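**Student:** Here it is, the structure in full.
The values are calculated or read from the model by the stated rules, or taken from the named source; none is laboratory data. Source: prediction; values computed, not measured. Glycine gets a Cβ as well: all are built from the backbone with ideal geometry, and neighbour counts include every protein chain shown. Side chains included, ligands, DNA and RNA excluded: accessible areas come from the protein's heavy atoms. Shrake-Rupley method; radii C 1.70, N 1.55, O 1.52, S 1.80 Å.
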Amino acid sequence: MKAMRKPLALVLTFAILLAFVPVAAPVAQAAFTPITGWDMMEKLGVGYNLGHLESWNYTDRNEDGTYKKMGLESEVSWGGERIEQWQLKSMVQKGFSSVRYIISWQPHLDDDYIIDKEWMDRIVEVVDMALEEGLYVIINTHHEHLFHDFLGDGNYEEAKRYLFTVWTQIAERFKNYSEKLIFEPMNEPWPRTNYGDPDADGGAGWQSEEWTAEKEIAEFAEKVNELNGDALNLIRKSGGYNDKRVVMLTITQAESKWLWRYKHPDDPYTMVGVFFYPSGKYEEIAFQQVEMALDKGIPVVIKETFPLNIDSSDQAMEWSKATYKRLADMGAVPMIFDLLGGGVDFWSPFPMTIFEKMTGEWYDAWLEIIFKAYGKTMGTDYPPPPPDLPYELKEPYTEKQFTFWTPPTRELAAAEKMVVEYEGRLNSGYAFVRFTSDWAQFNNGDKRITEEPGKLTFDIRGLEGNTVGFAAWGAGDAAKIKRIYLDTWEGSEVPNLATADSWAHDHIQQADAKGFLPATLQNNYKADITRGEFVTLAMSWLRYKTNMTNAELLAKHAKPENMDRTFTDTADADILAAARLDITAGTGGGQFGVNTNFNREQAAIMLMKICRIVGTFKEDTSDFGFTDIDAAQWLPDALNYVGHNGVMSGKLGGRFAPKDNFQRQESIIVFNKMG
């Protein structure tokens, strides 16, 4: 392709930048064996995207709409889990040969686009861990929304300055790494502005459907080709092994259907990376474009693929069988784009993520399809190590009003308290916070804080989120923080936990630690809960939440005409209290039906009434969007209510499934999430 003429000022900018970019001590040179793009395809095998982990959430903005600067907490801003060594070991044992490490640098840049050292060090740490496990590693720039804003505004010089400044630093830091490290300068360049604004560009901040004019497409595709070439030239001249390091380039939107507009450079150490998701009428075009590029001698990596936005798991399985066999026959390399890391993304048709990064479980039913298509053998699961507590939170402690940490996920999930040890006196106050997106905070004077001379203990049981923070106002002058660590309380092990699914363990332990888990429910957690058991659990939680006895609850909330309610088949105090509080009624004939099964609709009705007693939940019974709400027999409002309050979630396809039975462990999770 033709070289792009650069203004003298831009050339001088990068010459100066190379001299002054702050970098860590030089990395000792590893052995390097040059591999062409074509040969690298075979080395990558079946790959895995470390998806939406180091990629920040574009909703992380300030009140004025500007993008936030963030610390290491951005690693989990999508709600996933922090990357740990054992997870990478699990990927290797399962049969993966490579990982694509998607990274957002923007929240860690100053006004001159210089990368924060703490963030660069964390990226280096993860890259080193992956290489240590024998994986090939692709690192990129991902969700660089300021860069996309420049593209959308047609400000290509500033977009180029952004890209060049960031990649000058990345190339310098990794220039001595082996051939197993691959650079991907851009992910999916879009001609868009106002990213993430629901009122912009057709509804989601993405370029509207009207962006179809041939002239616009051609002009933007040419700019992407120029940026590819300029970034490649920068990397090739950056020293170390980067002159022959494999570089994965991209195309407009990274969409396979635009491959015909891609200009492949005359450089044997390059590949092109594209997406392959379900795309309806464009899918056949995408297949043809991938095959055409491969036939031309262009190495093609399917850098993201997953059956997104397919209504059912059965349909997703069929799509996957047909798609991956066809791509495998062509010779295109796949990299699975998993969704987050703990829990199911709303885009997914499956009941779990492909890799549960807390438990080490893989969704073999789907994974086997892609391994079989590519002639690979799927390995076994790698069990995660036990949490290593106490876990020390690193310094500095008092440089900001709040200092935040994102500890390893398993340690944080198992932690029940955060302890702050200090010398001297805390002047004006202190606070603890735990959050993912919403904050859970308590300050000095809160009953969950134990104060001792030189020591604060925060009871963090029952709080959710993957980031914790601590602030001590005036601590810099009056006190010296010696140590902050996470730990457990003594005697918090729950009996028979092995009878529950692993995804329920943390909630069961937290419910027990809070003190509302009845002893009668501490076994057979997968069993369907009965009406009597659910009411016992509900009243126990209500006493915990309100700090009131049954008698106090009745005195405050029961209507006088309800106080004589009784049943012929039980005199249980909790069941009678629930009936008199109008939380529940009988099954007919004066009976309560203690041992009858209990379905999701019945649970929703009781939960709505319980929430209304507590009084801290929002009163919203408008249509929540469950696709099967008409199947509710008694009170559809209750389904909407629990949906809006996040008390109960839906199932596959947006269903509520009102007639499905409710398990013991599901019931415990619901009450634990309620606070």
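**Student:** For region 568-605, name all the residues that are charged (D, E, K, R) and part of a helix (DSSP H, G or I).
**Tutor:** 574, 580, 600, 601
**Student:** With the structure loaded, tell me whether residue 666 is open to solvent by less than 30 Å² (accessible area, probe 1.4 Å), of a type in the set (D, E, K, R) and either within 29 Å of residue 503 (Cα to Cα) or in contact with an Asp or Glu (Cβ under 7 Å, 6 or more places away or on another chain) (or both) or whether it fails that test.
**Tutor:** Values: open to solvent by less than 30 Å² (accessible area, probe 1.4 Å): no; of a type in the set (D, E, K, R): yes; either within 29 Å of residue 503 (Cα to Cα) or in contact with an Asp or Glu (Cβ under 7 Å, 6 or more places away or on another chain) (or both): yes.
No, not satisfied.
**Student:** Another question about this same structure. Taking the condition outside any helix (DSSP H, G or I), open to solvent by 30 Å² or more (accessible area, probe 1.4 Å) and modelled with pLDDT under 85, does residue 352 pass?
**Tutor:** Yes.
**Student:** Got a number for residues in region 552-567 being assigned to a helix (DSSP H, G or I) and open to solvent by 70 Å² or more (accessible area, probe 1.4 Å)?
**Tutor:** Total satisfying the criteria: 5.
**Student:** I'm checking my understanding of the structure. Among residues of region 367-395 that are open to solvent by 60 Å² or more (accessible area, probe 1.4 Å) and within 28 Å of residue 482 (Cα to Cα), which one is modelled with the lowest pLDDT?
**Tutor:** 395
**Student:** Within the group 587, 596, which residue is open to solvent by 30 Å² or more (accessible area, probe 1.4 Å), touching a Lys or Arg at 6+ places or on another chain (Cβ under 9 Å) and modelled with pLDDT of 85 or more?
**Tutor:** 596
**Student:** Out of (1) within 27 Å of residue 370 (Cβ to Cβ); (2) open to solvent by 10 Å² or more (accessible area, probe 1.4 Å), what's the single condition that is false for residue 94?
**Tutor:** Going through (1) within 27 Å of residue 370 (Cβ to Cβ); (2) open to solvent by 10 Å² or more (accessible area, probe 1.4 Å) one by one, residue 94 breaks only (2).
**Student:** In region 116-139, what residues are open to solvent by less than 10 Å² (accessible area, probe 1.4 Å) and either β-branched (Val, Ile, Thr) or modelled with pLDDT of 95 or more (or both)?
**Tutor:** Residues satisfying the conditions are 123, 126, 127, 130, 135, 137, 138, 139.
**Student:** Name the residue, out of 479, 475, 471, 415, that is in contact with a Leu (Cβ under 8 Å, 6 or more places away or on another chain), of a type in the set (Gly, Ala, Ser), crowded, with 19+ Cβ neighbours inside 10 Å and modelled with pLDDT of 80 or more.
**Tutor:** 415 is the lone residue from the list that is in contact with a Leu (Cβ under 8 Å, 6 or more places away or on another chain), of a type in the set (Gly, Ala, Ser), crowded, with 19+ Cβ neighbours inside 10 Å and modelled with pLDDT of 80 or more.
**Student:** Looking only at region 173-194, count how many residues are modelled with pLDDT under 90 and in contact with a Leu (Cβ under 9 Å, 6 or more places away or on another chain).
**Tutor:** 5
**Student:** Please name all residue pairs, on different chains or six or more residues apart, with Cβ atoms under 6 Å, provided the first residue is in region 360-376 and is within 23 Å of residue 331 (Cα to Cα) and the second residue is open to solvent by 30 Å² or more (accessible area, probe 1.4 Å) and in a helix (DSSP H, G or I).
**Tutor:** Pairs that qualify, where the first residue is within 23 Å of residue 331 (Cα to Cα) and the partner is open to solvent by 30 Å² or more (accessible area, probe 1.4 Å) and in a helix (DSSP H, G or I), are 369/321; 373/325.
**Student:** What residue, of 445, 462, is under 26 Å from the mean Cα position of the chain (by Cα), at pLDDT below 80 and on the phi > 0 side of the Ramachandran plot?
**Tutor:** On inspection, the qualifying residue turns out to be 462.
**Student:** In addition: Would you mind telling me which numbered condition in (1) part of a helix (DSSP H, G or I); (2) open to solvent by 40 Å² or more (accessible area, probe 1.4 Å) residue 263 fails?
**Tutor:** The single condition residue 263 does not satisfy is (1).
**Student:** Step by step: first the residues of region 154-184, then only those that are among the aromatic types (Phe, Trp, Tyr) and part of a helix (DSSP H, G or I), then the one that is surrounded by the fewest Cβ atoms within 10 Å (Cβ to Cβ). Which residue is that?
**Tutor:** Here the answer is 156.
**Student:** Just need a number here: residues in region 513-548 that are open to solvent by 70 Å² or more (accessible area, probe 1.4 Å), outside any helix (DSSP H, G or I) and closer than 19 Å to residue 607 by Cα.
**Tutor:** The number of residues fulfilling the criteria is 1.
**Student:** Moving to a separate point now. Using the structure shown, decide if residue 617 is open to solvent by 10 Å² or more (accessible area, probe 1.4 Å), part of a loop (DSSP other than H, G, I, E, B), modelled with pLDDT under 85 and in contact with a Leu (Cβ under 9 Å, 6 or more places away or on another chain).
**Tutor:** Working: open to solvent by 10 Å² or more (accessible area, probe 1.4 Å): yes; part of a loop (DSSP other than H, G, I, E, B): yes; modelled with pLDDT under 85: yes; in contact with a Leu (Cβ under 9 Å, 6 or more places away or on another chain): no.
Against the criterion (open to solvent by 10 Å² or more (accessible area, probe 1.4 Å), part of a loop (DSSP other than H, G, I, E, B), modelled with pLDDT under 85 and in contact with a Leu (Cβ under 9 Å, 6 or more places away or on another chain)), residue 617 does not qualify.
**Student:** Based on what the data block shows, is residue 278 open to solvent by 20 Å² or more (accessible area, probe 1.4 Å) and in a loop (DSSP other than H, G, I, E, B)? Working first, answer last.
**Tutor:** Numbers: open to solvent by 20 Å² or more (accessible area, probe 1.4 Å): yes; in a loop (DSSP other than H, G, I, E, B): yes.
Yes, satisfied.
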